[in-house]
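Below is one structure, written out as structure tokens; comments come after it.
The values are calculated or read from the model by the stated rules, or taken from the named source; none is laboratory data. This structure is a prediction, so every number in the text was calculated from the model and none was measured. Cβ placement follows ideal geometry from the backbone for every residue including glycine, while neighbour counts extend to all protein chains displayed.
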């Protein structure tokens, strides 16, 4: 673990430069060949050469309507009220749509405008003009003309044109074949359905990158993880550089650590073109060319690996396969909080995006490169340019959407306190006829009130107890949201208490036991209702926060507190019963409290809020809440007034 | 062929109403079941139930960086210039990214900030704060918490979250299985690579609809065409109503003609829910429910079938499979010409869309429901609402894009005279490093000049001969574009003449032979340079247009003229040599002329025009033009000045 054993990055370069350098180092014509495929299986493929029509379409003048074929100039005398009588075979022939126009005829009269007199006689009251309702030879396609140019990606519509023009097979560029090689001593093969022990992680990046590559229409193979043995990695990569692969992705080991062998492997088998990009996450990305093939080293952290794929490999795969680089729809959204950023590095920010009132709002999600769920939870990605030191709160961020813009109308944005019933709410919302996605940020009750003030959410969950009035939330709304018309609706009454290991080994019975110095406590973050509750009870019991070991250790959700208790990292923390029950822990009750939804009255009629209000009346929803344990639904869905307290 | 034999449409209803009626008639829960699939193969699938995490991630406090693990409070005295010395095992342990944090440690210092003294000693100059560079237990995922709600479509990112949470398989909604049944006596099975005779067409709709259904992730089977025998159709459909199909699409036969059996078939096997929608194209669409399955009758005309699929079946398939209906990106574009429309019917208009100057411009493509190539050529679709009688020229049309908005920057919009070299240009443009798509409308040379005036194209092709000055195009530009700064660049010199059948059976030698009464001539449309040329030569020879049989019959392109000659529909027409050669016809030369590109000087530096100007200098491009025959490239790429004529 000394500096000498470590790799050193090549100069980190901007992403576009990294792509351009790699394109320059690759011979695309040699790398990807063309192949012939049947036309009807060619949707999505890219033509490697121009296609010219074999047949015309139509190949004959044909009737475009059911009716009679006539010679236009013989019908000119027909008038409303002065019908013209026509005789079959002599002056008309019946035709169905698609029939060839009989010799000498140049117009069709729709059956709706033909009066049948007898088997061989009809009358018309309007003249036909020449070529009326006739599809003329070559109207759609003329034999020998260019049907599609080279490098056109074949759409479903194009298949119809190709077949109609008598093109049964087409020459297209091969699909890009990708081999993904996970590496690392610590990674467990998901195929074996492992149970990770400390120090081990389940390998999943290969499947994320694989699915992304399949979305680009690549053919993807993945092999089981290769341990951190340089010779083994080199042997494996060398093997995969043979046909059919155009691209080999080595997962993890691309950094500059003492166990990162990817760079050395690429250098040995070919040339390292890029090592290190000026991006965050994604910095430890590697690109190289070995035996004419593209070889990439994707960072081990999931979000870094995704950025590496989307910003480097997606443009390169698109370029190799002659497709345009997929472009995401972009909207301008207001950032709900300040985000600092490092100068000289382009930063990618996962954003939870929704439409609140007339504007799009974007809330930055956790920035850790290890947080794969933030990619799942994000509706968009923002870029902080290399030359910026961050983005201020309420400023506009150019947001690349991960969903269609229209879908943002179906996102309910909630910011505030965390509660397990929000999970149930989220699931029930997605079960509606028009599914509604819940985007929730857990920043505590006070954070929710600030978000309402800032206009950055549809509603906020809060459970703020005011000892003076013995009421919930209203005193805080009055103080912090004096100018906003608010409707307060109860979600549930819930039980708060000390989450302790099974059997309560430290025998915690009341708040006094927390401060005996031997208990490792885990607190919630400032502004969390649970922390305010804890402070209130400490004060009531005359206990100083300084005497609580771990008072300064903070977590953001009940579940995070519970999982710390489960693993023995702490002895206890204050949280809701549902969190203890979920992880089969014990629970020492401290208080019951009201968890309400703070809703700006202006948003009451929005589809997002209406969906929630309807669900709060649903017996199924209430039953699911009760089933969690530690909840009461006696007030659920009721509009709160000051002074109700717990409604008892 | 009497009215009594024909079906009658049910009341035609708006598209949204047709979808709603069909949803009401279907039992979605019975129709589509759920199934279990391995997580790593689940990208794109929709969860049929909520997923809760099995494992936390990380499952342990772990190092987020390579470096040393320390206890934060033991490092508080470290300062720049006053390094703190730490001893291995006693006050630090080396860790690599991902390693579990050793017992008692609560922070990691990056290797870059650690000064190695000897094997067991390091120094630091900055204190660590608690939990610095540590990924805490459950930071990303907490066991038992909701990972994803029901009806969430699984993204590649989600696969990473699922595997990390120990979810090896997921319950998802089945894919929608579709059976497509082409029908009709006149249709030829493309699988047999047929050569259509008059009255026959190659069946291709099944493949267009099939590819569209696959794009919605359906599993699609298609059977060979079924002839127009009601009993046979009924037997076939009845068979396909069994598993595994959820949707049966009958292609063609959905109209009200005497040979349209689809409606009767559906009525016999179940219930017709919708027959006839207030849309154009697409009116003769049928929707029914048989044995709980959705059965659709798609119209026979390709564009009608596409509208039926996109406006009726796409929302229904999405609804059945619990996915949001795909929404196209929308831009506002200026319509380049007036489009009338029928009141009471929602009309779908295929549009060629490009960005000219600062605005998007949209040119309506041919409106025939039979023109499948217009779907291929369109970049967008406009809707004319049922209550509108059309859209005026230069008014704004809300355009649903068939391509990403960004791709519109890569469309070169040309309006004007048709020439076969434009095909070569189109192909070469798509071969560039940044491929450029040529969107060309053929409205004749004068039409091109008007488009330039209207600001609706980047350039216009014209070959307008002015007998007074013996010059090309300039006199017309001076007259019609007096206020526009124009750069005129030659594309090629080309040979115009009479296109005649092989062997010239009518022995046409000069323009005098055209007017002898026995020759069936085919003219070009008004405003076409070729028509102006013809008129000039008629006048020179003192021949009256009235004496030319077929002077009033118009076609829009040289190739269309040639194909009419080939099929014997006419004896001759005026056109370029390349068109005659392409169809192996003979050619009687009449004149040489200059075909130029009229370019507003303001657009000279746009990437679109630059791409063309560069190509005009390319020897490969010139060689391909020469190879067509009937072209000279002595002026190709040269900026024209008044008075140059043919440069001789």
Q: May I ask you to say which residue of B:180, B:154 is in contact (Cβ under 8 Å) with a residue 60 or more places away in the chain, within 36 Å of the chain's Cα centre (by Cα) and more than 9 Å from chain A (Cβ to nearest Cβ)?
A: B:180
Q: Give the range B:137-171 a look and list any residue that's surrounded by fewer than 23 Cβ atoms within 10 Å (Cβ to Cβ), modelled with pLDDT of 95 or more and part of a strand (DSSP E or B), or say none.
A: B:153, B:169, B:171
Q.
As an exercise: evaluate residue A:531 against (1) at pLDDT below 95; (2) under 19 Å from residue A:628 (Cα atoms) and give the number of the one condition it does not meet.
A. (2)
Q | Checklist (1) farther than 23 Å from residue A:476 by Cβ; (2) surrounded by 17 or more Cβ atoms within 10 Å (Cβ to Cβ); (3) at pLDDT below 90 applied to residue A:557, failing item | A | (1)
Q | Enumeration of residues in the range A:607-648 that are assigned to a loop (DSSP other than H, G, I, E, B), closer than 18 Å to residue A:419 by Cα and touching a helix residue (DSSP H, G or I) at 6+ places or on another chain (Cβ under 6 Å) | A | A:629, A:630, A:633, A:636, A:637
**Q.** Single match in A:160, A:98 (criterion: within 7 Å of chain B (Cβ to nearest Cβ) and more than 30 Å from residue A:325 (Cβ to Cβ))
**A.** A:98
Q) For the range A:40-47, does any single residue satisfy the condition of being assigned to a strand (DSSP E or B), in contact with a helix residue (DSSP H, G or I) (Cβ under 9 Å, 6 or more places away or on another chain) and within 29 Å of residue A:122 (Cα to Cα)? A) no
Q: State all residues of the range B:231-263 that are modelled with pLDDT under 95 and more than 18 Å from residue B:178 (Cβ to Cβ); if no residue qualifies, say none.
A: B:255, B:256, B:257, B:258, B:259, B:260, B:261, B:263
Q) Any chance the range A:577-598 includes a residue that's within 27 Å of residue A:517 (Cβ to Cβ), in the same structural domain as residue A:461 (by TED's automatic domain parsing), crowded, with 18+ Cβ neighbours inside 10 Å and without any contact (Cβ under 8 Å) to a residue 60 or more places away in the chain? A) yes
Q. Out of all the residues in the range B:226-236, is one or more within 24 Å of the chain's Cα centre (by Cα) and part of a strand (DSSP E or B)?
A. no
Q: Name the one entry in B:143, B:165 that is facing another protein chain (nearest Cβ under 7 Å) and more than 27 Å from the chain's Cα centre (by Cα).
A: B:143
Q: Among what's in the range A:545-573 and is at the interface with another protein chain (Cβ under 8 Å from one of its Cβ atoms) and in a loop (DSSP other than H, G, I, E, B), pick the residue that is farthest from residue B:54 (Cα to Cα).
A: A:552
Q: State all residues of the range A:342-362 that are touching a residue at least 60 places away in the same chain (Cβ under 8 Å) and over 15 Å from the mean Cα position of the chain (by Cα); if no residue qualifies, say none.
A: A:342, A:344, A:345, A:346, A:347, A:356, A:357, A:359, A:361
Q: Test residue B:476 against the criterion of being at pLDDT 95 or above and crowded, with 22+ Cβ neighbours inside 10 Å, and give yes or no.
A: no
Q.
Could you check the range A:191-225 and list, in sequence order, the residues that are closer than 19 Å to residue B:98 by Cα, surrounded by fewer than 22 Cβ atoms within 10 Å (Cβ to Cβ) and touching a residue at least 12 places away in the same chain (Cβ under 8 Å)?
A. A:199, A:200, A:225
(Q) For the range A:477-484, check the following and say yes or no: at least one residue is within 18 Å of residue A:467 (Cβ to Cβ) and in contact (Cβ under 8 Å) with a residue 40 or more places away in the chain. (A) yes
Q) Is there a residue being outside any strand (DSSP E or B), facing chain A (nearest Cβ under 9 Å) and in contact (Cβ under 8 Å) with a residue 12 or more places away in the chain anywhere in the range B:67-84? A) no
Q. How many residues, within the range A:20-34, are more than 13 Å from chain B (Cβ to nearest Cβ) and either modelled with pLDDT under 95 or assigned to a helix (DSSP H, G or I) (or both)?
A. 5
Q | Sole exception among (1) more than 14 Å from every other protein chain (Cβ to nearest Cβ); (2) under 23 Å from residue B:427 (Cβ atoms); (3) at pLDDT 95 or above for residue B:363, by number | A | (3)
Q. For the range B:117-135, which residues satisfy the criterion of being buried (at least 21 other Cβ atoms within 10 Å of the Cβ) and at the interface with chain A (Cβ under 10 Å from one of its Cβ atoms)?
A. B:122, B:135
